[in-house]
4 protein chains.
Amino acid sequence: MPVSDPLTHSPSGKRRARGLGLPLSGCPGPLNAITDVPGVTVGLTTLSDDAAPSIRTGVTAVLPRPHADLLSPVWAGCFTMNGNGEMTGTHWIGEAGWFTGPVTLTNTLSLGVAHHATNRWMVDHFRPRLEEKGLWLLPVAAETYDGWLNDIYGQHVTEAHVLAAIDGAVSGPIPEGSVGGGTGMICYEFKGGTGTASRRVTVAGQEVTVGVLVQANHGLRPWLTVCGQPVGADLPGKTVWTRETGSIIAVIATDAPLLPIQLQRLARRAALGIGRGGTPSGNNSGDIFLAFSTANNPGPLPEPRRLNLEAIGNDRLDALFMAVVESVDEAVLNAMLAAESCTGHKGRHVAALDGERLATLVRR
Amino acid sequence: MPVSDPLTHSPSGKRRARGLGLPLSGCPGPLNAITDVPGVTVGLTTLSDDAAPSIRTGVTAVLPRPHADLLSPVWAGCFTMNGNGEMTGTHWIGEAGWFTGPVTLTNTLSLGVAHHATNRWMVDHFRPRLEEKGLWLLPVAAETYDGWLNDIYGQHVTEAHVLAAIDGAVSGPIPEGSVGGGTGMICYEFKGGTGTASRRVTVAGQEVTVGVLVQANHGLRPWLTVCGQPVGADLPGKTVWTRETGSIIAVIATDAPLLPIQLQRLARRAALGIGRGGTPSGNNSGDIFLAFSTANNPGPLPEPRRLNLEAIGNDRLDALFMAVVESVDEAVLNAMLAAESCTGHKGRHVAALDGERLATLVRR
Amino acid sequence: MPVSDPLTHSPSGKRRARGLGLPLSGCPGPLNAITDVPGVTVGLTTLSDDAAPSIRTGVTAVLPRPHADLLSPVWAGCFTMNGNGEMTGTHWIGEAGWFTGPVTLTNTLSLGVAHHATNRWMVDHFRPRLEEKGLWLLPVAAETYDGWLNDIYGQHVTEAHVLAAIDGAVSGPIPEGSVGGGTGMICYEFKGGTGTASRRVTVAGQEVTVGVLVQANHGLRPWLTVCGQPVGADLPGKTVWTRETGSIIAVIATDAPLLPIQLQRLARRAALGIGRGGTPSGNNSGDIFLAFSTANNPGPLPEPRRLNLEAIGNDRLDALFMAVVESVDEAVLNAMLAAESCTGHKGRHVAALDGERLATLVRR
Amino acid sequence: MPVSDPLTHSPSGKRRARGLGLPLSGCPGPLNAITDVPGVTVGLTTLSDDAAPSIRTGVTAVLPRPHADLLSPVWAGCFTMNGNGEMTGTHWIGEAGWFTGPVTLTNTLSLGVAHHATNRWMVDHFRPRLEEKGLWLLPVAAETYDGWLNDIYGQHVTEAHVLAAIDGAVSGPIPEGSVGGGTGMICYEFKGGTGTASRRVTVAGQEVTVGVLVQANHGLRPWLTVCGQPVGADLPGKTVWTRETGSIIAVIATDAPLLPIQLQRLARRAALGIGRGGTPSGNNSGDIFLAFSTANNPGPLPEPRRLNLEAIGNDRLDALFMAVVESVDEAVLNAMLAAESCTGHKGRHVAALDGERLATLVRR
């Protein structure tokens, strides 16, 4: 397990869940990341400076297509397991089954800026066609609450931060933990943040990839379950809060050709993935999931007169469903394992999960 | 306008809305009926005998494909504008976007028999394949309440009645009014029942048909609006009830190639169609709508490994949406205009709407 | 009909639908406005200067409670008739049945700023309690597209504009037409914008008010139907677009005590209201509706340990349903009738609907 | 652990999950059954005779109120995790938030009979009031597929069988496993069937009970996970099928006072409960969940003019959510542990799960 293997180590060098030898099932892609889905890129703007520790926040951008092709919709579906959160763009995803442009993740009070700046980015890059065709966009921006470690009421994320995340999106291994929109996140009362994982499966004779990126900010320590082991009770730490105060956003990408109604089904399976971690999807959590497919590219907007969609038959989807469940579960683990202990707003401290100790507990 | 023109006259000889010269918009198909959609057939079992006037009920069967091809699903979508009613099969339609087999419409307390008998019919006709492949079916059965004119608590519809409706399904002009499941229905406090209408439109370079069949049993007289005219107040009659006590089921068929998510959109437009008649979709009404497309036939179950769907682009759907709105509105009118005054259970009487008088009021 | 009667005239002096004697049914409140619901206020920021005609946009703020009580949730429900648009906050409204704070309406590309500024306003006014309790908000911001008359890609709405709309919210008569978020709107190819109407009804022994505010930006001229008359064809004018390119947002307020699930039902009836105007709810339209009740005030957040809700029985809701249908329909008319002809971005011109001519057509 | 302790042993004497000492969390009620919720009763009709082994089916009736009070609605909510199945009554539950009368569970092709007979039972017991008030009912009937062990196409369940289940509903310990609607069920390729469990929790100062009854018929052996242990791979057995071919229905009862929108939230948590068992909610599974509360009894239909609902604040619901997750998971285990190996239709055999062996595997 060389540190340079993205399957087992985050770019920071910290061990991922597979680097700890946790008994995870399924076969990940080479990066074990959402970027295993061809064409999908991720950009991160991190606002975290120990000299000004009140600001612990950022922006994550997930680009479903290469920058130059971002005016081409991707087929998509959503599911809200618990709606104490926000994801924009879902009215149209529910109606037509697609969205266009980058997906951004940030903190709860910066969602507006993320939405605004995403529109800005799209106008800056596609204005002639937008004007000529009279197009508008309905950006997908989502959020989780980082107000314990971050001065969230200060609304420190700016348009420039969002544009930088979009501009900086790249393929390859993805930094995890306290980066991007996940910078100030807390998960099962440990430091949480950005996490990713993937699965390769063969369905209906075709090898396809499912990649997941989460912004993990949910759960109470006593609930924490890893690979089926209720480890939370044996991982003591300072109580951060006595009641669920977080959220989890999951973005699921695939190159499997699927109908929008099938992508809704994939999004729904993310609920089972987070459930494996022990959460009952608490009242204060925004557990909102997006699934998209890069297949069946209809070309740049406006929508063509006629559509032709290829899709995997419903009867073959179980392997994809399981891939979503497993990837979401593992991405949450990866977020926690890559995160660093953090002291933030008002001197509040959240400790990182100790991966070695976790591995020992799981193995016992 | 020869009586034999199905556009203007019901098979019984009564004038339909177009036979009265009402100012209806849009271009219907040759039959102005759901059977204008190639392959769609309708069967009716009517239980109505003046010698035993307590029984005023029946069954309507809409077959989306020819009898021999009923194991091939049709792509579909549903919408519940007001859920005081029942339509089975909708969990699966919402999940996979298709259903298989006949659609049956009957009275509220006979829905179970309709469901049971539809399973029976499918087993009787496709047992070897069902057994070999381990298949089950999730029949679409829907209902409206005819308990004012019919001894509904007597549950007089039998399995044989339902099988006869399915077996008897034919193409061509459809009897309207007090027939089939619509036998005991009441609409805007006039005699209601079964009605149908259709539209032909050209979308994305393709001529397609939208056909609608309703079981119209909703509304209060003061609400009744025809071609925009609030005629209800000027059509006095005996009060049947003081509060909405009905329902309307609409079945929308089309040969336009559409994704399931698009068929949900068509189903939703039926709400606007019934709204034109004046109803606010009252609390006691089950206003439940089903839309299906005969295009993109995947062949008999089980579902194939891979799907290929052609579809009209979303940006071209407005003509189809308007076709649904207009057809639903006109089908309700046709149901009322074809219905005959009826004395039923406990000597209760409901008068038919006087078409000539209605036409005069609309023209004033 | 004195010009000073808010029932019949907009504050600008233009005749409203009732001022033109159109045959509208139902009994409005004294202002015939959403502000007839006690405690509800409206603020408008209008960006429209003939010296810089490229900017025709603005912000409308609807405050469900007095400024000082805006941390107390209102019970609410939503419905998306056609989701080509955005309304934030709906995941939580669907989950818990309430939202907190102002509702803002603006143009499609300024929704982010409206969301951001609403958070800002809430933090500025309630920061101690938000911090102490660790609260976040999920603002309700909605939009319609004004890119034909407005340089929408310029994103000219600022945080200050949104704050001014919220700060400026008042009770009393509401300016209509080309004001606030409705400044650059187009409705049935006439100048559209902000409109309002109300109804008073007695349900279950209680007199209650339903008030509606719309941002009307939808429809094609040939579809336009007023009081049942298909007047669009007889109101010639320059073609603005050949395909639906708008949206309509409706905000429904009531003081009737209702459960969240019942407020979803009210929101759904707005679809029937817009349908009366002739639209089939076109593909390019964001027809998204919000209903809230000021009754059963649970007090400022956080939510209390136990809730006690009084509600009208479902069986009595038809009068409220009809009130919604009628108010939405009339509010759209009022928006068009109050709007002034406008020359905007790139010299494009949209004419106002001629009220006298309309009245003549409806009366013929 | 005396055999007579219903917490640890099924009435048949077989050990339940707690009788095997599995490390289950939470505090069950005294019966560890849905009947721990005061007033809730269960009736079972089992069709299983080794002399005629082709018939392995039955009916389960869950009565949310005592027989004499079955015309009083219960507040309710539903969730469909995967809709390859049927549960009737859900349109109205989604609309008004309540249902009336017994809930019945049976096989897929007998759902119609269950629906029909439930109407029959209600008419037989409440006809005068139904007639006087002009009432209809929308029974809740649900199903799972038992066609591997049972001659399902024979439709062997009769009206009398359903009436007997309803009539026979009692409080107290509930037989589990191959009884009632669960008679022919298969779960993770072991014999499945009827299972139950409960939790007592204190929320907002009130001690309340959550009780669950499942008809467990889902899952593939390799997926099976018990108390976090992936035991499926170590419990070899004959392959029953290579693809998910089942379903699970969960009925969740509580005496906690909850709004309908909150009961939808409880129903949604059942998905996390089944997820703990290892299933990704496969395509061929009807995973449909119903939650109801016996509190806030509005009295017999028709609905009163005004409603008064007490409810637990949303912020206190996490304990109830967790109670649902745990109870559903445990009820599935109890179903499998109580079931007996069975030879049925066409000589097909399904082995029961060996509880002792399972316990050893979980403890390792």
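The values are calculated or read from the model by the stated rules, or taken from the named source; none is laboratory data. This structure is a prediction, so every number in the text was calculated from the model and none was measured. Quick reminder, even Gly has a Cβ in these numbers, built from the backbone with ideal geometry, and neighbours come from all protein chains shown. Accessible surface is based on the protein model in full, side chains and every heavy atom, while ligands, DNA and RNA are left aside. Shrake-Rupley method; radii C 1.70, N 1.55, O 1.52, S 1.80 Å.
Overview of values
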| read-out | value |
| --- | --- |
| FRET efficiency, B:A160 to C:A233 (Cβ-Cβ, R0 51 Å, nearest 0.05) | 0.50 |
| Amide H contacts under 5 Å for D:A253, placed H, 5+ residues apart | D:G211, D:V212, D:L213, D:F292 |
| Surface/4 estimate of mean projected area, convex hull on alpha-carbon atoms of chain B, nm² | 16.7 nm² |
| Computed P(r) (all Cα pairs; the range B:74-188; 5 Å bins; percent) | 2, 11, 18, 21, 21, 15, 7, 3, 1, 0 |
| Rg in Å to one decimal, and Dmax rounded to a whole Å, for the range D:27-109 via C-alpha atoms | 15.4, 47 |
| Exam field: D:E132 pseudo-label spacings to other copies (7 Å along Cα-Cβ), nanometres | 5.5, 5.9, 7.4 |
| Spread of Cα-to-Cα distances over 20 Å intervals beginning at zero, given as percent, for the protein assembly as shown | 11, 41, 38, 10, 0 |
| Protection proxy ranking of B:295-308, B:191-204 - average other beta-carbon atoms within 10 Å, highest first | B:191-204, B:295-308 |
| With every protein chain in place, the protein assembly as shown: carbon and sulfur % of accessible area (1.4 Å) | 53 percent |
| Copies compared at C:A351 - label distances in nm, ascending, label defined 7 Å from Cα in the Cβ direction | 4.6, 7.6, 8.4 |
| Cα-derived Rg over Rh, computed across the range C:81-148 with Rh taken as Kirkwood radius | 1.03 |
| Largest-first ellipsoid semi-axes for the range D:223-320, taking √(5λ) over the Cα gyration tensor eigenvalues, angstrom | 37, 16, 9 |
| Inter-chain shielding of B:131-144 (mean C-beta neighbours from other protein chains, 10 Å cut-off) | 4 |
| Calculated FRET value between D:D354 and C:N297, using beta carbons and R₀ = 51 Å, to 0.05 | 0.30 |
| Tilt relative to chain B, helix B:318-338 - C-alpha long axis, 0 to 90 degrees, to 10 | 50 degrees |
| Area buried, chain C against chain A - accessible surface, total, 1.4 angstrom probe, square angstrom | 3900 Å² |
| Of all chain C residues, the one whose C-beta is nearest the axis that brings C onto B, in angstrom | C:G228, 1 |
| Computed Kirkwood radius, in angstrom, where 1/r is averaged over Cα pairs of the range C:115-242 | 17.8 Å |
| Chain B, relative contact order [Cα under 8 Å, separation at least 6], % | 25 percent |
| Sites D:Q206 and D:D124 - FRET efficiency at Förster radius 51 Å, r taken between beta-carbons, to 0.05 | 0.90 |
| Cα-only Debye scattering, the range A:113-158: base-10 log of I(q)/I(0) at q = 0.22 Å⁻¹ | -0.79 |
| Separation in nanometres of the label points that stand 7 Å from Cα toward Cβ, at D:A51 and B:T242 | 6.0 nm |
| Mean-position separation - Cα centroids, the range C:272-321 and the range A:1-22, in angstrom | 51 Å |
| Relative contact order (percent, whole number), the range A:209-364, Cα cutoff 8 Å, 6+ residue spacing | 30 percent |
| Selection from D:L272, D:L224, D:G282 lying farthest towards where the dipole of the range D:174-328 points positive, charges on Cβ | D:G282 |
| Partner aspartates and glutamates for D:K14 [C-alpha distance under 12 Å; skip if fewer than 8 residues away on the same chain] | D:D5, D:E176, D:E340, D:D354, D:E356 |
| For the range B:93-211: relative contact order, % (alpha-carbon pairs under 8 angstrom, 6 or more apart) | 23 percent |
| Heavy-atom accessible area per residue - the protein assembly as shown, 1.4 Å, Å² | 26 Å² |
| Distances in nm from B:P23 to the matching label points in the other copies, shortest first (labels 7 Å along Cα to Cβ) | 1.2, 7.7, 7.8 |
| Inter-label distance, nm, simple model (7 Å from Cα along the C-beta direction), D:V3/D:C27 | 3.1 nm |
| Rounded tilt (10° steps) of D:260-275 against the dominant C-alpha axis of chain D | 0 degrees |
